[in-house]
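Remarks on the structure that follows.
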């Protein structure tokens, strides 16, 4: 009996070892290397592999760092708010207002079609629409709502958040829809029979039971937005920056230790955000 248990344990370790090896080589090892490089010193002509805290001291001593991190959180929070509202509304409609499973699948796939194209193409497509002489301004002028083109539609925080919402809304729709489809419709019918109104059902049954999906979508959206620098650079017209852009600039200047230090701080920040989110709900039930 003990020999059988030992064989089962050995078999289990052998089965998991390929995945563990892949994760170690392509995830753990690169992060360790970045952490090591973050302590190296940069001179005018070379990178010295010597342990020192110069990069972190400069990072925390610069007011630019705090401004950039505030910008990053601002984009993440605003994007999260809009993606939650849109994602919850779309998922709610598909899950509770479309009775046919076939139509649910068809409409869900229809929502995913725009997201099958490149993120860059979908982002850049907003530029001719929001530009000074773009479709939006031309339409507003022709309707008599404005007398001259609105400048803040493009190359502003508005355009950055709009692009983020457009790109990452699907990451909120999918987990919320998946969670809503698992809700027992009998509970909702029992609440209706008990005299509960639509708003009471929504606030006391649907939203609490959908929290795991909202948390999963939140983790996806927040982590992706905090690391996305290309959207910020293009849609802000290089007038704004986030942490990802800071790392990109350091890399372009061959300041690898500085970029590594910033990347480690960003990674720790994201992990703290995820840890806080996981305190509110156990998402393991959804995985």
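The values are calculated or read from the model by the stated rules, or taken from the named source; none is laboratory data. Source: prediction; values computed, not measured. Every residue, glycine as well, gets a Cβ built from its backbone with ideal geometry; the counts of neighbours run over all protein chains shown.
For region 245-260, indicate whether the set of residues that are closer than 16 Å to residue 160 by Cα, part of a helix (DSSP H, G or I) and at pLDDT below 90 is non-empty.
yes
Given the condition buried (at least 16 other Cβ atoms within 10 Å of the Cβ) and in a helix (DSSP H, G or I), answer yes or no: does some residue in region 149-156 qualify?
There is at least one residue in region 149-156 that is buried (at least 16 other Cβ atoms within 10 Å of the Cβ) and in a helix (DSSP H, G or I).
Within region 264-276, identify whether any single residue is without any contact (Cβ under 8 Å) to a residue 60 or more places away in the chain and assigned to a loop (DSSP other than H, G, I, E, B), and answer yes or no.
No, region 264-276 has no match at all.
Would you check if residue 33 is part of a helix (DSSP H, G or I) and either loosely packed, with under 11 Cβ neighbours inside 10 Å or modelled with pLDDT under 85 (or both)?
For residue 33, the condition - part of a helix (DSSP H, G or I) and either loosely packed, with under 11 Cβ neighbours inside 10 Å or modelled with pLDDT under 85 (or both) - is not met.
Residues 201, 183: which one is in a helix (DSSP H, G or I) and either under 13 Å from the mean Cα position of the chain (by Cα) or farther than 26 Å from residue 64 by Cβ (or both)? Give the steps one after another, and end with the answer.
Details: 183 fails: in a helix (DSSP H, G or I).
The unique qualifying residue is 201.
Condition check ((1) surrounded by fewer than 11 Cβ atoms within 10 Å (Cβ to Cβ); (2) free of Cβ contacts under 8 Å to residues at least 12 places away in the same chain) across all residues:
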site: 62; (1), (2): no, yes
site: 74; (1), (2): no, no
site: 80; (1), (2): no, no
site: 91; (1), (2): no, no
site: 102; (1), (2): yes, yes
site: 107; (1), (2): no, no
site: 112; (1), (2): no, no
site: 118; (1), (2): yes, yes
site: 121; (1), (2): yes, yes
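Exactly one condition in (1) modelled with pLDDT of 85 or more; (2) in contact with a strand residue (DSSP E or B) (Cβ under 8 Å, 6 or more places away or on another chain) is not met by residue 48; state its number.
(1)
Regarding residue 28, is this residue more than 20 Å from the chain's Cα centre (by Cα), loosely packed, with under 12 Cβ neighbours inside 10 Å and over 30 Å from residue 250 (Cα atoms)?
It is false that residue 28 is more than 20 Å from the chain's Cα centre (by Cα), loosely packed, with under 12 Cβ neighbours inside 10 Å and over 30 Å from residue 250 (Cα atoms).
Which condition number does residue 118 fail, the rest of (1) under 25 Å from residue 239 (Cβ atoms); (2) touching a helix residue (DSSP H, G or I) at 6+ places or on another chain (Cβ under 8 Å) being met?
Tallying (1) under 25 Å from residue 239 (Cβ atoms); (2) touching a helix residue (DSSP H, G or I) at 6+ places or on another chain (Cβ under 8 Å), residue 118 fails exactly one: (2).
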